[in-house]
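Before any comments, here is the structure.
The values are calculated or read from the model by the stated rules, or taken from the named source; none is laboratory data. Note that the coordinates shown come from a computational prediction; the quantities given were computed from them, not determined experimentally. Positions of Cβ are backbone-derived with ideal geometry, glycine not excepted, and every protein chain shown enters the neighbour counts.
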């Protein structure tokens, strides 16, 4: 679970931060000390989604969106109503367009 932060994320202490390029347009940011996932971001930094567990009070956030709902196991569901996006919808939102421009 993650919190959408747009382009607003700034980090201190970058010595412990690792970055893994997970696709041609996305990156995963993690702690090099413990391996915890910290954030997913688009390579242009226009979309930054920070793990809810990075925050001091993760309960302060409302769970409102699910991505790749068409790929989830049948026995995996949440109690509250959410905005559900399929793989195609997520890719259309984040992935680069075919002419080399990026969605935004």
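Which of the residues belonging to the range 5-19 are surrounded by 11 or more Cβ atoms within 10 Å (Cβ to Cβ) and either at positive phi or under 11 Å from the mean Cα position of the chain (by Cα) (or both)? Answer for the range 5-19, where residues must be surrounded by 11 or more Cβ atoms within 10 Å (Cβ to Cβ) and either at positive phi or under 11 Å from the mean Cα position of the chain (by Cα) (or both): just 5.
Quick grid of which residues meet (1) surrounded by 14 or more Cβ atoms within 10 Å (Cβ to Cβ); (2) at pLDDT below 90; (3) part of a loop (DSSP other than H, G, I, E, B):
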{"residue": "3", "(1), (2), (3)": "yes, no, no"}
{"residue": "38", "(1), (2), (3)": "yes, no, no"}
{"residue": "49", "(1), (2), (3)": "yes, no, no"}
{"residue": "77", "(1), (2), (3)": "no, yes, yes"}
{"residue": "81", "(1), (2), (3)": "no, no, yes"}
{"residue": "99", "(1), (2), (3)": "no, yes, yes"}
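Residue 28 meets the conditions (1) in a loop (DSSP other than H, G, I, E, B); (2) out of contact with any helix residue (DSSP H, G or I) (no Cβ under 8 Å at 6 or more places or on another chain) in every case but one. The failed one is (1).
I need the full set of residues from the range 51-75 which are assigned to a strand (DSSP E or B) and in contact with a helix residue (DSSP H, G or I) (Cβ under 7 Å, 6 or more places away or on another chain), in order please. Talk me through it step by step, then tell me what you get.
Just the residues of the range 51-75 that are assigned to a strand (DSSP E or B), to begin with: 51, 65-67.
Within the range 51-75, just 67 meets the criteria.
A count restricted to the range 20-35 and to residues that are loosely packed, with under 15 Cβ neighbours inside 10 Å and within 14 Å of the chain's Cα centre (by Cα) stands at 4.
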